[in-house]
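The values are calculated or read from the model by the stated rules, or taken from the named source; none is laboratory data. These figures come from a predicted structure and were not determined experimentally. When we count neighbours, we look across all protein chains shown, and the Cβ atoms used for this are built from the backbone with ideal geometry, even at glycine.
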């Protein structure tokens, strides 16, 4: 029986959403197509009706994860302004909740090292997501416009590195210190005018 276009689109969305979460939880290499299809409640045989390859699915799922973050960021920007949106993003990113549950957050912190060794289609999805987040961060910085790209990269590197270290540490006190020190420095970067 052939699926209607609406049903196929719904299944495609379900697969992408399940994969986005699972990839952030397990990583790219430890996530199989069979596991992804089971998580979406579909059979393995239907995978190729939706995607040409695992790489295409990973790229689509990464794009979805970035889209979720960008949507939250843009909504906050519209409601509260770019600086408040960036501050909220930093506090959310460097939180115990994000540290403890990779499935809800940053695709780069969960899969970035693996993405660097993936097919171009995957790396293109990561590049587009990173570029968009840097642009949003630039809008919320207090420094001169000509310094914002450099400062946004500094801020992003600080946040990513701190989150990865906090997740990797088995020492709870060290993990908390990493997050709190990174938050303090990140807020300084946001407010730094020179």
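Between residues in the range 48-71 that are at negative phi and outside any helix (DSSP H, G or I) and residues that are surrounded by fewer than 15 Cβ atoms within 10 Å (Cβ to Cβ) and modelled with pLDDT of 90 or more, which pairs lie under 9 Å by C-beta distance while being six or more apart or on different chains?
Going by the 9 Å Cβ cut-off, the qualifying pairs are 53/119.
Can you pull out every residue in the range 124-148 that is assigned to a helix (DSSP H, G or I) and in contact with a helix residue (DSSP H, G or I) (Cβ under 6 Å, 6 or more places away or on another chain)? Please lay out each step first, then the result.
Going residue by residue through the range 124-148, those that are assigned to a helix (DSSP H, G or I) are 124-140, 145-148.
Selection gives 125, 126, 129, 132, 134, 136, 137, 138, 139, 140, 148.
Is there any pair with a first residue in the range 73-96 that is closer than 19 Å to residue 145 by Cβ and a second that is part of a loop (DSSP other than H, G, I, E, B) and modelled with pLDDT of 95 or more whose Cβ atoms are under 9 Å apart and which are 6 or more apart or on different chains, and what are they?
Qualifying pairs under 9 Å: 82/141; 83/141; 83/142; 86/141.
If residue 143 passes every condition in (1) touching a residue at least 40 places away in the same chain (Cβ under 8 Å); (2) closer than 29 Å to residue 18 by Cβ but one, which one does it miss?
With respect to (1) touching a residue at least 40 places away in the same chain (Cβ under 8 Å); (2) closer than 29 Å to residue 18 by Cβ, residue 143 is out only on (2).
Looking only at the range 158-181, decide whether some residue is modelled with pLDDT under 95, assigned to a helix (DSSP H, G or I) and exposed (fewer than 15 other Cβ atoms within 10 Å of the Cβ). Quick ask: steps written out before the conclusion?
Kept after step one, since they are modelled with pLDDT under 95, are these residues of the range 158-181: none.
No, that holds for no residue.
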